[in-house]
Amino acid sequence: MLQIVPTLDTGGAERTTIDIAKALKAQGWSALVASRGGRLAYELKENGGELIRMDAASKDLRTIFANVARFAQLIRERNIALIHARSRAPAWSALFAARRMRIPFVTTYHGIYQAKNPFKRWYNSVMARGDAVIANSQWTADHIRSSYPRRVKRLVVIPRGIDLAAFNPETVAQERIAKLRVDWHVRPDERVILLPGRLSRWKGQLVLLGALDILQRNDRLPDHVRVVIAGDAQGREFYVRELNDAIARSDLHGVAQVAGHIEDMAAAYCAADIIVSASTDPEAFGRVPPEAAAMGRPVIATDHGGARETVLPGQSGLLVIPGNRTALADAISDLLARPREDLAQMGARGRAHIARNYTVERMCEQTLAVYRQLLAVKP
């Protein structure tokens, strides 16, 4: 089996690629991944996958056409039975190669692709051209149906799976939690609000800072609260400066800080009391709300996209109007005012919801079932 993902750095598509590679290997398949590589390449290898290094991220037409031949050669030389694309540019190469070599072609919608003109709509349509098209949430499936009602042959909803062994609060050592709190300069008596995710404007970091400004100006921000905005800037140093400028303007030094990329996300969730996902654009699935819920933490998320399925409003967390600083401020104030026991109960309900519906085992089983049906191979 050949999966294609542009890079192996961080994100839902990359993590899903590794999970499926591990499941394929366990079932006796050779699990190949075509990608530029990245920080998660070692993890792919540890889980039995094989990295085929190539430029699977370029949108240059010459590279896309060159990759058609490269994929066709791989299919022939490595006896590849099925090709699974997780991004648009390499999906075009994979589509032509799969049709040439007469093997099944699968796509997964990991995000929602905007189409501002007819050409972009046609370019995006490759993700709807698979023999099977996998949507990572019901919300994503609805988007696909409305965008390409006649294009999709077979649409399957397979939500992103959370590894409940890795994301288990009972297995996270206190030393891991303490290290992060020291790195964040958090005192033992402080409560932590964490917004994790790559540092990009649409992830809503500025909305969170705006909400904190509202709380502080109205004397609604309790003492002993520390807010951590953590994520990889991915070269957006200008945005990091903008975030730090916003902290300075609102006199939030000592309250809010911008941290870097977190390797130990399970410990990061445990080191926090409340998790925020403030994306201003809808996320097709969104890893933060279900991962945080799996770690037994209450979640505040924006009321759109996949969060509507992974967050139980009033039970495991709160949903707020996207981009609305006042609504987010009210939600933060609400949770901070609740007893710790109430927050713990919200976290427990959240983990139970994820365990019922969003496990990595379930995702892998359903994905491999799609592969088998396309290949007519019995388990």
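Computed from the coordinates by the stated procedures, all read-outs in this text should not be read as laboratory data. Just so we're clear, the structure is a prediction, and the values are computed from it rather than from any experiment. Cβ atoms come from the backbone with ideal geometry, glycine included; neighbour counts cover every protein chain shown.
Note down the relative contact order for region 211-299 as a percent, whole number, built from C-alpha pairs under 8 angstrom at least six residues apart.
Relative contact order, region 211-299: 25 percent.
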What shape does region 250-360 take by its C-alpha gyration tensor, where a ≥ b ≥ c are the square roots of the eigenvalues and a/c under 1.5 counts as rounded, a/b above b/c as prolate, and the rest as oblate?
rounded
Any residue on another chain or 5+ positions along whose placed amide H is under 5 Å from the amide H of Ile162 is listed here as Thr359, Val360
Comparing Ala165, Ala141, Ala85 in a Gaussian network model of the chain (Cα, 10 Å), the one with the largest mean-square fluctuation is Ala165
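When the dipole is taken about the Cα centre of the chain, and only Lys, Arg (+1) and Asp, Glu (-1) are charged at their Cβ, what size is it in debye, to the nearest 20?
Values: 53 positive and 39 negative charges, 432 e Å.
The calculation lands at about 2080 debye.
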Pick from Ile177, Ile229, Ile83 the residue whose mean-square fluctuation is largest in a GNM of the chain, springs joining Cα atoms under 10 Å.
Ile177
With θ set to phi - 60°, apply the Karplus curve 6.51 cos²θ - 1.76 cosθ + 1.60 along region 196-201 and write out the HN-Hα couplings as whole Hz, x wherever there is a Gly or Pro.
x, x, 4, 7, 9, 3
Straight-line reach from Lys59: which lysines have Cα under 25 Å away, leaving out those fewer than 8 places along the same chain?
Lys116, Lys120, Lys203
Would you mind checking the tilt of helix 12-26 against the longest principal axis of the Cα atoms of the chain, expressed as 0 to 90 degrees and rounded to 10?
50
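Expressed as a rounded percentage, what relative contact order does region 1-114 have, with Cα pairs under 8 Å and six or more residues apart?
Relative contact order comes out at 27 percent.
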Candidate values (i) 196; (ii) 137; (iii) 128, label of the one derived for volume of the Cα convex hull per residue in Å³
(ii)
State, in angstrom, two size descriptors of region 263-319 derived from its alpha carbons: Rg to one decimal place and Dmax to the nearest whole number.
10.4, 30
One finds, for Glu365 and Arg102 with R0 = 30 angstrom and r their Cβ-Cβ distance, a FRET efficiency to the nearest 0.05 of 0.65
List the residues whose amide H sits under 5 Å from the amide H of Arg191, counting only those 5 or more places along or on another chain, with H placed 1.01 Å from N in the peptide plane.
Val225, Arg226
In Hz, Karplus ³J(HN,Hα) per residue of region 171-177 (6.51, -1.76, 1.60; θ = phi - 60°; x = Gly, Pro):
9, 8, 5, 4, 5, 5, 5
Using the alpha-carbon atoms, what tilt in degrees (0 to 90, nearest 10) does helix 340-357 show relative to the longest principal axis of the chain?
10
Can you work out the Karplus-derived ³J(HN,Hα) for every residue in region 266-281? Use 6.51 cos²θ - 1.76 cosθ + 1.60 with θ = phi - 60°, whole Hz, and x for glycine or proline.
4, 5, 4, 5, 5, 6, 10, 9, 9, 10, 10, 10, 10, 3, 7, 9
For region 238-257 and region 142-192, what is the centre-to-centre distance using only Cα atoms, to the nearest Å?
25
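If contacts are Cα pairs under 8 angstrom and at least 6 residues apart, what is the relative contact order of the chain in percent? Kindly include the intermediate steps, with their values, before the conclusion.
Numbers: 736 pairs, mean separation 53.9, N = 379.
Relative contact order for the chain comes out at 14 percent.
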Environment charge at Ile247 (Cβ cut-off 11 Å; Lys +1, Arg +1, Asp -1, Glu -1):
-2
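For His253 and Ala57 in the same chain, what is the full-extension length gain: residue separation times 0.36 nm, less their Cα-Cα distance, in nm? Intermediate results must be reported in sequence, preceding the final value.
Numbers: separation 196, 0.36 × 196 = 70.56 nm, distance 3.87 nm.
So the chain would gain 66.7 nm between His253 and Ala57.
Can you tell me how much longer the chain between Arg39 and Asp264 gets when fully stretched, taken as 0.36 nm per residue apart minus their C-alpha distance, in nm with one decimal? Could the numbers behind the result be given before it?
Details: separation 225, 0.36 × 225 = 81.00 nm, distance 1.35 nm.
Gain in length upon complete extension: 79.7 nm.
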Under the 7 Å Cα-to-Cβ spin-label approximation, Arg187 and Lys116 lie apart by a distance in nanometres of 4.7
The helix 88-101 Cα axis meets the longest alpha-carbon principal axis of the chain at an angle in degrees, between 0 and 90 and rounded to 10, of 20
Counting only residues 5 or more apart in sequence or on a different chain, those whose built amide H sits under 5 Å from that of Ala259 are Ile229, Ala230, Gly231
